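Data first, discussion second: the structure below is written as structure tokens.
The values are calculated or read from the model by the stated rules, or taken from the named source; none is laboratory data. This is a predicted model, so every value here is computed, not measured. As a convention, Cβ positions derive from the backbone with ideal geometry for all residues, glycine included, and neighbour counts pool all protein chains shown. Heads up: the accessible areas ignore ligands, DNA and RNA and are worked out on the full protein's heavy atoms, side chains in. Shrake-Rupley method; radii C 1.70, N 1.55, O 1.52, S 1.80 Å.
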Amino acid sequence: MTESFRRSGEHDNPYQGAPVNPEWPPPPSYQPTAPTALLAEPVAQRPRARRRPRGPVALIAAVAIVAAAIGGGTAYGIQELTGHDTVATTSSTSTNVVPSSQKGTVSGVAKAVSPSIVEINATSNAGSSTGSGVIITGDGEIVTNNHVVSGATSVKVKTSDGKEYTAEVVGTDSSKDLALIKLQNASGLTVATLGDSAGVQVGDEVVAIGSPEGLTGTVTSGIVSALGRDVTVSTDESQGQQQQQQGGGGWPFEFGGQQFNGDTGSSTTTYKAIQTDASLNPGNSGGALIDMNGNIIGINSAMYSAAGSGSSDAGSVGLGFAIPINTVKADLAKLRSGSQT
């Protein structure tokens with residue numbers, strides 16, 4: 001009786017009594033499911049919950065949350081979460097026009113950009129003038145200075161490969177000394193890359209390309225000497241043409257309360273200019289000021305000449321000025337509309 005009671009008892013201590021070996025307790029008469037369930041939760045269920053955020057569905061949800069939180073920064077949120085660069089840069093100052101093997105060299109800049117710079121010969125009742133221009137479209141839109149083509153009855157353009165074209169004046173803006181001309185029957189031209197003049201700093205190396213004294217494709221180099229210089233130029237078309245005809249500085253302008261390269265007349269306009277010590281001479285007007293990546297950062301427009309209006313001794317002394325390219329880009333729509341101001 002005692003032995004039988006001990007074998008069938010579900011709650012007795014299995015280690016009590018001689019017939020039972022304490023090292024080998026009898027198996028329980030029921031299935032121990034509760035302890036197994038307790039072990040299953042941390043081992044099987046919790047790791048599955050932790051792996052879920054790594055899946056694509058959770059990633060999309062995370063992107064949606066970030067997009068809702070930052071509004072216009074949706075693209076940036078996706079870039080950060082996925083690791084893909086989906087934000088396109090709009091600043092061309094990061095564009096390397098110059099081949100990597102020649103990056104940072106004057107020769108590399110000249111080789112890459114010279115095909116986009118032209119020589120302009122304008123004829124008017126006041127005489128003729130020589131200047132430069134920058135090709136901005138493959139079919140022949142060219143940016144230059146207003147004083148180069150102002151009042152012109154005929155405009156001829158020569159590209160770097162020696163081809164000659166007839167051009168018409170599309171629009172002018174004397175308040176910014178800018179003009180847009182268009183070549184006739186042109187196609188497949190090499191287009192310049194317009195940079196971002198807001199990123200220009202004093203001391204940056206620059207290259208100038210133009211046609212001083214009709215010497216097509218002349219290259220000079222220097223640095224940015226100063227920014228935001230107030231330069232005052234004539235808006236009277238006869239002033240610029242007369243200076244060009246006389247062989248003077250070609251750009252009558254005022255700086256620091258003084259007049260240079262001839263009389264600017266009574267009708268003038270003032271703009272903020274980039275100052276450079278890259279050599280500029282008559283004929284560089286309308287040409288390009290370029291950074292070392294080959295981006296156009298300014299349109300050369302004025303130079304100081306110690307000789308005043310005398311042509312025999314006129315020349316660059318390292319004080320040149322260029323219209324910032326951001327000013328040009330902001331004015332393009334007006335110029336293309338045919339405005340003549």
Looking across the stretch 92-122 at residues that are under 20 Å from the mean Cα position of the chain (by Cα), small (Gly, Ala, Ser) and surrounded by 15 or more Cβ atoms within 10 Å (Cβ to Cβ), the single one that is farthest from Ile209 (Cα to Cα) is Ser92
Within the stretch 176-197, is there a residue that is at pLDDT below 95, open to solvent by less than 50 Å² (accessible area, probe 1.4 Å) and over 26 Å from Gly294 (Cα atoms)? no
Take the conditions modelled with pLDDT of 85 or more and not aromatic (Phe, Trp, Tyr) and apply them to Gly298. Does it pass? yes
Pairing a residue in the stretch 184-202 that is assigned to a helix (DSSP H, G or I) with any residue that is small (Gly, Ala, Ser) and modelled with pLDDT of 95 or more, where Cβ atoms lie under 9 Å and the two sit 6 or more apart in sequence or on different chains, gives Ser197/Gly298; Ser197/Ala322
